[in-house]
Amino acid sequence: EGNANLVIAIKEENVIIRLPKSENSSDIENLEVKLQNMMLYTDRILKPAFGDKFLVPHSLLSISSHQLQCLREGIRGVRPAKRLHKDVYLPRGLMMPDLTSAITHFPGADLSGGCISVELKPKAGIILPSNCPHPELCNFCLKQHYKYSAESERSPYCPLDLFSGDMSRVKKAIAALMHSPQNNLRIFGDGKLLHDESTTRTQHCDNFLNLWTTIHQPDCKDSWRTDGQSGLVSLLATALTAPYLPNSLHNADVDSRTSNVEKKKLRPSCSRISKNST
């Protein structure tokens, strides 16, 4: 659950429903427009830009008022207290595949060793002078200073690291997210969330990652075997910095490291700036 939407999973069907939230029922008309705009944005902006390879099928789903009421009552006890000032009033939402389900990705495959899914909510990885009130901090890092008075509570993550294309900085960003995931990182094991928003260093998460690494990466480094989290950081960083090459471009003339850029051109991570600069 985020500030604007609430997502529920129907495990028997391997789908999720994304429901828009509001502070009161008077916003239903605006929420209807919001859903329509999300569909149009995907069809008219995202699909032409990225193609179907990186998008999942989605559709509008309507439920009855009774179903909506049962849903609200059924999930109220597990919702974070800080999110309860908003609720679901519109009996419509977006339905799409549950990407934490192994069946969604690998139908018919033998997944006896477990399946890990990672959800990233990276935030904006750029600083635009026209859209950022601080000359040195990106919006995410600036909001961390605003939300959390104690430095220990702030996330060390900075989106500028994740989007830099530099392997060491991407690893630093992912490690920071795992240290303090908040709602920007979620790790699922066989479709179940393995940790809370404070840290991924829970026994449940560690055990699952260590076991998964031992089964699926038998030739991996010793450090990966003893610390599955380190292995996951390296795996994700490798995937995120690898270039996307359509089949027609798979040839020897294409530089396999086109995603990397010269370090001297990279903007420094604003998370390194001391709080005195604010």
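Considering the Cα positions of the range 27-84, please state its Rg to one decimal place and its Dmax as a whole number of Å.
15.6, 41
Net charge near GLY191: determine it from the other residues with C-beta under 13 Å of the C-beta of GLY191, scoring Lys and Arg +1 and Asp and Glu -1.
-2
Can you compute the modelled spin-label distance between HIS179 and SER26, with each label point 7 Å from Cα toward Cβ, in nm?
My value for the distance between the label points is 4.5 nm.
With the cut-off at 27 Å, tell me which of the pairs LYS47/LYS192; LYS47/LYS143; LYS53/LYS86; LYS34/LYS192; LYS123/LYS192 have Cα atoms farther apart than that.
With Cα atoms farther than 27 Å apart: LYS47/LYS192; LYS47/LYS143; LYS53/LYS86; LYS34/LYS192.
Quick one: which of LYS21/LYS171; LYS21/LYS172; LYS147/LYS171 span more than 29 angstrom between C-alpha atoms?
Long pairs (Cα-Cα over 29 Å): LYS21/LYS171; LYS21/LYS172.
Rounded, prolate or oblate, given the Cα gyration tensor of the range 98-187, with a/c below 1.5 counting as rounded?
It comes out prolate by the Cα gyration axes.
Kindly state, to the nearest 0.05, the FRET efficiency for LEU61 paired with LEU120, given R0 = 30 Å and r defined as their beta-carbon distance.
Approximately 0.75, to the nearest 0.05.
Each reported figure results from applying straightforward, stated rules to the coordinates on display, with no laboratory input. Owing to the predicted nature of the structure, the values given are computational and were not obtained by experimental measurement. For neighbour counting, all protein chains shown are included, and Cβ atoms are generated from backbone atoms with ideal geometry for every residue, glycine included.
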